[in-house]
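Bear in mind that the values in this text are calculations on the coordinates, not laboratory data. Since the structure is predicted, the reported quantities are computational estimates derived from the model, not experimental observations. Because the Cβ atoms are built from the backbone with ideal geometry, glycine has one as well, and the counts that use them run over all protein chains shown.
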Amino acid sequence: MNEQSLMKRRYLKQRAFFLIVRLSALVITLALVGILFFLFYNGLGAISWDFLTLPPTDSMTKGGIMPAIVGTFYLTIGAIIVALPLGVASAIYLTEYAKQGKLIRVIRVAVNCLAGVPSVVFGLFGLGFFVVFLRFGSSILSGALTLGILILPTIIGASEEALKAVPQTFREASLALGVSKWATISRIVIPSAVPGILTGSILGIGRAAGETAPIMFTAAAFFTAVLPKSVFNEVMALPYHIYVLATAGTHIEQTRPIQYGTALVLIALVLGIDLVAIVIRSVIRRKKRW
Amino acid sequence: MKNQPIITTKNVNFYYGAFQALTDITMDFERNRVTALIGPSGCGKSTLLRLLNRMNDLIDQTRVEGEVLFEGRNIYEPDVDPVEIRKRIGMVFQKPNPFPKSIYNNITYAPRLAGIKSKESLDALVEDSLKQAVLWDEVKDILGRSAMTLSGGQQQRLCIARALAMKPDVLLMDEPTSALDPISTAKIEELVDELKESYTIIIVTHNMQQAARVSEYTGFFYLGKLIEFGLTEKIFTNPDIKQTEDYITGRFG
Ligand SMILES: Nc1ncnc2c1ncn2[C@@H]1O[C@H](COP(=O)(O)OP(=O)(O)OP(=O)(O)O)[C@@H](O)[C@H]1O
Ligand SMILES: [Mg+2]
């Protein structure tokens with residue numbers, strides 16, 4: 001085989017490879033666009049001011065989804081209140097204090113396993129531990145704790161990345177001035193890592209808002225028209241509401257538009273949260289100068 | 001006239017894991033004098049410098065043998081707090097490393113944590129330190145601006161001012177001018193000359209002229225050993241050991 005045909009073959013191979021890569025990216029984009037289009041097409045008709053501000057009526061075949069929006073809001077905020085301090089503290093321990101060794105490796109494996117556990121298992125754990133054993137009942141508290149544990153690996157991962165991204169020279173500069181390790185971490189390292197921690201955590205929020213299985217047994221009510229008065233109340237939640245309307249009702253076909261409307265609201269919420277994360281990150285990136 | 005030594009190392013060995021980076025280092029650092037540490041890359045100059053204020057503690061799996069006496073006391077005794085040592089022995093790094101804070105806050109950061117609270121004291125401290133580091137005139141009107149917006153040479157002088165604000169006894173400088181242009185370098189060399197009135201300075205440098213210009217004593221290192229140590233004048237004009245001469249004259253192979 002001569003030199004030229006070899007080169008040509010190599011060139012064609014490269015072209016083919018790029019084509020495959022490009023097609024894969026295209027498929028993913030199309031899938032996202034397809035889902036969004038489908039939801040908009042089917043759900044937009046259901047959206048109205050009343051839909052967003054009124055509770056369901058007529059055995060949930062009419063009315064709005066306001067209690068579910070409020071419930072999802074509470075559950076998500078609760079999950080963050082649980083997971084953020086715990087996750088950030090763990091990440092600080094893992095990156096700043098722990099010497100590399102066996103214990104650290106075990107903790108890392110545990111965190112990774114936690115990330116891989118199916119969400120329904122978290123739901124069952126929440127049911128057994130928070131609802132039954134700790135007697136919190138099916139409530140915002142139980143649901144938020146369960147969701148909090150679910151997103152803990154996300155928050156630990158994001159916080160670790162953010163802490164590792166803080167230049168070692170900042171730590172050295174501070175310690176060399178005779179500043180203690182804890183002061184160095186709290187005054188220099190954490191403030192520099194906050195943007196990264198926040199973006200990662202917001203992505204975690206998105207996940208918490210969209211999950212059904214973990215709240216199914218721990219927090220979600222089939223129907224309640226009243227808003228929760230304490231953390232020990234049950235709430236409706238968007239993902240569970242969709243599930244209920246689509247599977248458990250007696251009017252599954254009739255409530256189709258409401259199902260799509262709810263799904264649209266949910267996905268708008270999650271994408272909105274992701275968008276906030278992306279904006280924060282890009283603003284900080286522009287400000288950052290090290 | 002010999003001054004009292006402020007730091008003395010006695011038969012110090014230092015290991016990174018199994019690798020021995022320093023072997024049997026014994027030397028005196030005199031008070032209010034500038035001591036230069038020279039030698040080819042990787043010979044252990046930075047390691048020795050970081051040993052003197054316990055910055056090597058930050059690296060996992062390192063080990064020190066022998067004694068490092070600061071004002072007569074071994075700083076590697078178990079009951080010595082490295083934080084206290086670092087307050088008295090400041091450090092300036094090779095690459096300027098200001099915090100992503102304002103110029104003013106870069107300087108007041110550590111003193112505040114050390115308990116200086118009043119606005120007047122802090123203002124005075126900022127002015128004094130910046131004047132000592134010959135930076136005051138350039139930044140006195142922009143103290144609130146981020147330190148990251150300064151030039152490299154200005155950042156390095158800010159880092160020196162920041163170290164001086166803690167009023168240390170000793171200042172360790174690890175190639176403080178290697179990232180700077182000749183004008184900034186000249187400024188920092190002048191600065192070193194003034195600072196030795198009130199501080200003891202130990203400076204690592206790859207620049208032979210710099211070592212000859214700023215220091216009274218010079219130590220030449222090779223492969224983790226102190227080959228020759230003495231008056232700078234002697235080392236640069238009439239060294240006892242052939243290796244030293246070869247290195248200084250650039251004939252090192
Ligand atoms: N963190 C570390 N872990 C393991 N070995 C190290 C570490 N830091 C330095 N060393 C090794 O110790 C030896 C001395 O390094 P050191 O940084 O003290 O040299 P140096 O004289 O300052 O060199 P340079 O002039 O290039 O700065 C080198 O062989 C280096 O590879
Ligand atoms: Mg060095």
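List the aspartates and glutamates whose Cα sits under 16 Å from the Cα of B:LYS10, skipping any in the same chain fewer than 8 residues away.
Of all the aspartates and glutamates, those that pass the test against B:LYS10 - Cα under 16 Å, at least 8 places apart if same chain - are B:ASP24, B:ASP28, B:GLU30, B:GLU65, B:GLU67, B:GLU71, B:GLU77, B:GLU228.
Quote the charge dipole size of the stretch B:150-253 about the Cα centre in Debye, to the nearest 20; the model charges only the Cβ of Lys and Arg (+1) and of Asp and Glu (-1).
I would put it at about 220 debye.
Could you grab the relative contact order for chain A? Cα pairs under 8 Å, six or more apart, rounded to a whole percent.
Relative CO of chain A lands at 25 percent.
May I ask you to compute the full-extension gain from A:LEU12 to A:ILE107, defined as 0.36 nm times their residue separation minus their alpha-carbon distance, rounded to one decimal in nm?
Computed gain between A:LEU12 and A:ILE107 is 29.5 nm.
Lys and Arg at +1, Asp and Glu at -1: add these up for the other residues within a Cβ distance under 14 Å of A:ASN2 and post the number.
That sum, taken over residues with Cβ under 14 Å, equals +2.
Write down the Kirkwood hydrodynamic radius of the stretch B:141-253, to one decimal in angstroms, obtained as one divided by the mean of 1/r over all alpha carbon pairs.
15.6 Å
Report, in whole Å, the centroid distance computed from the Cα atoms of the stretch A:186-243 and the stretch A:87-106.
26 Å
Where does helix B:119-132 land angle-wise versus the long Cα axis of chain B, in degrees 0 to 90, nearest 10?
50 degrees
With no solvent and one point per C-alpha, what does the Debye sum give as log10 I(q)/I(0) for the stretch A:49-289 at q = 0.10, 0.16 Å⁻¹?
-0.55, -1.10
From the backbone phi of the stretch B:153-164, what are the Karplus-calculated ³J(HN,Hα) couplings (6.51 cos²θ - 1.76 cosθ + 1.60, θ = phi - 60°) in whole Hz, Gly and Pro given as x?
With the stated coefficients, the stretch B:153-164 comes to x, 5, 4, 5, 5, 4, 5, 5, 4, 4, 5, 5 Hz.
In vacuum, with every alpha carbon of the protein assembly as shown counted as one equal point scatterer, what does the Debye formula give for log10 I(q)/I(0) at q = 0.09, 0.11, 0.13 Å⁻¹? Two decimals, please.
Values returned for q = 0.09, 0.11, 0.13 Å⁻¹ are -0.83, -0.99, -1.18.
In nm, give the distance between the simple-model label positions of B:LYS140 and B:LYS119, each being 7 Å from the Cα along the Cα-to-Cβ direction.
Label-label distance for B:LYS140 and B:LYS119, simple model: 2.0 nm.
Can you pull the mean other chain C-beta count within 10 Å for peptide B:106-112?
So the per-residue partner count for this stretch is 3.
I need to check one value: relative contact order of the stretch B:1-121, counting alpha carbon pairs closer than 8 Å and at least 6 residues apart, in percent.
Value for the stretch B:1-121: 25 percent.
In whole angstrom, how far apart do the alpha carbon centroids of the stretch B:37-113 and the stretch A:1-65 sit?
First find each Cα centre; the distance between them is then 55 Å.
Once you place label points 7 Å from the Cα toward the Cβ at A:VAL21 and B:LYS95, how far apart are they in nm?
In this crude label model, A:VAL21 to B:LYS95 measures out at 2.9 nm.
Which lysines, on any chain, are close to B:LYS101 with Cα under 27 Å apart, when same-chain ones fewer than 8 places away are left out?
Counting by Cα, and skipping residues close in sequence, B:LYS101 has these lysines nearby: A:LYS164, A:LYS181, A:LYS287, A:LYS288, B:LYS87, B:LYS117, B:LYS119, B:LYS131, B:LYS140, B:LYS167, B:LYS187.
Please give, to one decimal in nm, the separation of the simple spin-label points placed at A:THR250 and B:HIS206, each 7 Å out from Cα toward the Cβ.
Taking the two extended label points, one gets 8.5 nm.
What ranking, highest mean first, results for peptides A:67-79, B:129-141, A:224-236 when packing means the other Cβ atoms within 10 Å averaged over each residue?
Ranked from most to least packed, the peptides come out as A:67-79, B:129-141, A:224-236.
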